[in-house]
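Read-outs: derived from the displayed coordinates by stated rules, not from any lab. Here the structure is a predicted model, which is why all the values come from computation and not from measurement. Every residue, glycine among them, receives a Cβ derived from its backbone with ideal geometry; neighbour counts consider all protein chains shown.
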Amino acid sequence: MKTAAMTGAAACFLRGNAWGYANSPTNLKKFVQHLPGLGPDGANEYGLYIPVASPNTTQFPGADYYKIAVGQYRKQMHPALANSTRLWGYGDATKTTVPDFGYLGPAIVAKAGRPVRITATNNLPSSHILPVDTTICGAERGANRVAVHLHGGFVPWISDGGPRTWFDPYGNVGECFLNNQVLNPGALPGQAEYYYPNQQSARLMWYHDHAMGTTRLNAYAGIAAPYILTDGFENVLQSKGYLPSREIPLVLQDKTFYDGRDRQYERITGAQPGDLWYPYIYEPDRWDVAPNCLPLPVPSCVPEAFFDTIVVNGAVFPYVKVEPRMYRLRILNGSQARFYNLQLYYADNKYPTEANVNAPGPAFLQVGNESGFLPAPVLLNKNTKFSAQFNTQGDYIPGTLKFNLLLAPAERADIIIDFSRCPSGSRLILYNDAPAPFPSGEPLNDYYPGNPDLTIKSKPGYGPNTRTLVQFQVGSLTGAPDEITFQQVQAGLAKMLPGVAPARLHTNVVRELTLNEDSDSYGRLIQRMGTTQQLYDGTYARNYMDPATEVVKAGSTEIWRIFNLTGDTHPIHFHLVNVQIIGRGAFDAATPSFAPVAPLLPPDLNEVGWKETVRVNPCEFIDVIANFALPNVPFKVPPSPCTGGNEYVYHCHILDHEEHDMMRPLVVI
Ligand SMILES: [Cu+2]
């Protein structure tokens, strides 16, 4: 978004004259390939699937051990792309010398209470497949550094894969890298050891890259994979039929594929048509530039990156064949910056590739989020279209958001859909109408036929499109129908799930924090975190590398109040801890004055209980409570040489924000 970018002031919503990022070829037909599933059995008609890692269970008795390589490979993500797409990613090398690479692979399936150990080997080539901006702190130290972060994991800090614990193929490491000192002193250059205790309940996590200065690029290039933790309680729910045995993972991402018209991009990245494209020019028409600054570099980071094509489980615009019965969908928003407001509609009669937004499909029963099962199932059945209210200055009016199932980057949803009443032969579209950026929106980032912005030339049946995510094709039943009904599942889960939220301890707010937008030394918009303490330059914002201010005693419980002084909603992700949302409130963001101006609103029903990524809306603050306990591990964990404690981070999961520089250390002592 283009904003006023005044220090400390609430942003306003000016629209620039920028053009769309509709660089993807326009011949990508929608819903011509099946959704890739897990393992070779889940391969689609073009051979795409998400590999599943196969553990060595004898090397470390009582633990699952994996060897994971990080490397470059190619996959054809849509049959009409001119070439296969260059990707970076993880490959399972536990039992083979040639790593098995596949987009979003390898998924790791772990059991609660049984540790996972990983030796990761960095085999990346020296040049990145995306444009690297070396003015971003850390990026000057090489384009092929990686750090494996288990997102959602309750792990010792030396295995957290934080930004300053990167390692490259040559033996260079980040200044806090102690991965191997305890776990594998004999590790070779280019290797790093990780230990995950899995002292957590069942949930969908993911492991992805977190290297300082290139996290956004590495994740977009493909260095990300699911981590599925199971436990006995989940098994009981499954055995009672309350969780359908037919399970569909959906990892939602937006991408742009290079169409061959940007020679400068080719020169910088060596890309061919069909490769991934990432914005690399800071366009003054699109974003504010502060005066009297250093000249804008090329390549440059951008404030936030939205793309024009939906990729699900590594396939462009897939369809899924379903039977008229219940399915469990496990959804992860793995996008850089795009939010999704998920709704399910029957397809249009004339254009079965498009949604008829007046013909709602079956309800969603949400049973889990990124922290595992909810205290109670939540029925989302109204297919609520996105809406929000803005005042005459264009500022969001707190408390006015409306949506169905909203997923910000890194948020997850575990939902049950009952297709049993959908006629055989019918088509349904998983549909999204969340604005980008959220919640103010810029039509240039919203790709669909009929967009009033004439630079968007989407036609029915083809990309670019960011509204039609997946087409469900309902076939006929094979085998017996479900033994229990959707209503029985709902009632059964309502009885089995704990029913009440874990207690929210009403103590005093311990820390007041701020989300800020100002400009860097190149005049570019920069998103940063800070406290409510005003600094010498009049801002509240600090850089990631500034000394830690969030230093917490191990085992303590704290309430954090986070004020948003910017125009965007930020999904704030906590390493180490899960939090409970106490509520959201309005404050005077323009002055600013850090005090509630109205009573707090409670969290949404599907935010009750534990969360690990929380949305902080513009002109609002959020109160969250967390207990800062550390995991038990069978070895001594040395303190970080950078901060002297157990060093984690918390940050915005809009990846361009995180990188520049909306991230701060979280140190537990
Ligand atoms: Cu952000």
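Compute the Rg/Rh shape ratio of the range 542-669: radius of gyration over Kirkwood radius, all on alpha-carbon atoms.
0.98
On alpha-carbon atoms, Rg over Rh for the range 468-581 using Kirkwood Rh?
Ratio of gyration radius to Kirkwood radius for the range 468-581: 1.19.
Over the range 180-230, one equal point on each Cα, no solvent: what is log10 I(q)/I(0) by the Debye formula at q = 0.14, 0.21, 0.28 Å⁻¹?
-0.54, -0.97, -1.00
Sort 159, 519 by Cβ crowding within 10 Å, fewest neighbours at the top.
519, 159
What does the charge dipole of the chain about its Cα centre add up to, to the nearest 20 debye, if the Cβ of each Lys and Arg holds +1 and the Cβ of each Asp and Glu holds -1?
Here the chain has a charge dipole of around 1300 debye.
For the range 58-98, compute the orientation-averaged projected area of the C-alpha convex hull (one quarter of its surface), in nm².
3.9 nm²
Counting pairs of alpha carbon atoms under 8 Å apart in space and at least six apart in sequence, what relative contact order in percent does the chain give?
Once normalised by length, the contact order is 16 percent.
By how many nm would the segment from residue 59 to residue 400 grow when fully extended, if each residue of separation counts as 0.36 nm and the alpha-carbon distance is taken off?
On the way: separation 341, 0.36 × 341 = 122.76 nm, distance 5.45 nm.
Residue separation times 0.36 nm, minus the Cα-Cα distance, leaves 117.3 nm.
Given the alpha-carbon gyration tensor of the range 323-426, what are the semi-axes of its equivalent ellipsoid in whole angstrom, ordered largest first, with each equal to the square root of 5 times an eigenvalue? Spell out each step's value before the answer.
On the way: eigenvalues 133, 79, 32 Å².
Whole-Å semi-axes of the equivalent ellipsoid: 26, 20, 13.
Taking the Cα centroid of the range 325-403 and of the range 102-120, what is the distance between the two, rounded to the nearest whole Å?
Going from one Cα centre to the other spans 30 Å.
How large is the charge dipole for the range 459-538, taken about the Cα centre, if only the Cβ atoms of Lys, Arg (+1) and Asp, Glu (-1) carry charge, to the nearest 20 debye?
My answer is approximately 160 debye.
Take the residue pairs 29/95; 67/636; 321/495; 385/459; 29/385; 67/240 and return only those whose Cα atoms are more than 29 Å apart.
29/95; 321/495; 67/240
What is the fewest-to-most order of 483, 620 by other Cβ atoms lying within 10 Å of their Cβ?
Listing 483, 620 from fewest to most nearby Cβ atoms yields 483, 620.
For 350, 459, which order do you get if you count the other beta carbons within 10 Å of each Cβ and list the fewest first? Write out the running numbers ahead of the final one.
Values: 350 8, 459 12.
Neighbour counts put them in this order, fewest first: 350, 459.
Stokes-Einstein at 10 °C, 1.306 mPa s, Kirkwood radius from Cα pairs: D for the range 502-561 in µm² s⁻¹? All intermediate terms of the calculation are to be shown ahead of the outcome.
Numbers: Rh = 13.5 Å.
The estimated diffusion coefficient comes to 118 µm²/s.
Going out from 0 in 10 Å bins, what whole percent of all Cα-Cα distances in the range 173-282 drops into each bin?
Here the calculated profile for the range 173-282 is 10, 25, 26, 23, 13, 2.
Can you pull the percent of Cα pairs in the range 620-659 with separation above 11 Å?
Roughly 79 percent, rounded to a whole number.
Largest first, please: the extent of the C-alpha atoms of the range 228-338 along each principal axis, to the nearest Å.
65, 31, 21
Cα-based Rg (one decimal) and Dmax (whole number) for the range 421-537, in Å?
Every Cα atom of the range 421-537 included, Rg and Dmax give 24.3, 70 Å.
With the Cα gyration tensor of the range 105-171 in hand, give its eigenvalues times 5 under a square root as the equivalent ellipsoid semi-axes, listed largest first in whole angstrom.
Working from the Cα gyration tensor, I get semi-axes of 27, 14, 11 Å.
Determine the equivalent ellipsoid of the range 206-268 by diagonalising the alpha-carbon gyration tensor, then write out the semi-axes as square roots of 5 times the eigenvalues, largest first, rounded to whole Å. Don't skip to the answer; put the middle values down first.
Values: eigenvalues 308, 51, 6 Å².
Taking √(5λ) for each eigenvalue gives 39, 16, 5 Å, largest first.
Summarise the long-distance tail of P(r) for the range 45-172 by giving the % of C-alpha pairs beyond 19 Å.
57 percent
Name the residue from 360, 526, 139 whose Cα lies farthest towards the positive end of the charge dipole of the chain, charges +1 on Cβ of Lys and Arg and -1 on Cβ of Asp and Glu.
Checking the options against the dipole of the chain, the answer is 360.
Taking a temperature of 25 °C and a viscosity of 0.890 mPa s, what whole-number D in µm²/s does Stokes-Einstein yield for the chain with Rh from Kirkwood over alpha carbon pairs?
Calculated translational D: 98 µm²/s.
Give me the one-decimal Kirkwood hydrodynamic radius in Å for the range 120-232, with the sum taken over alpha-carbon pairs.
Radius from the Kirkwood sum: 14.4 Å.
Could you work out how far apart the two model spin labels at residue 236 and residue 549 are, taking each label as a point 7 Å from the Cα in the direction of the beta carbon, and quote it in nm?
According to this spin-label approximation, the distance is 4.5 nm.
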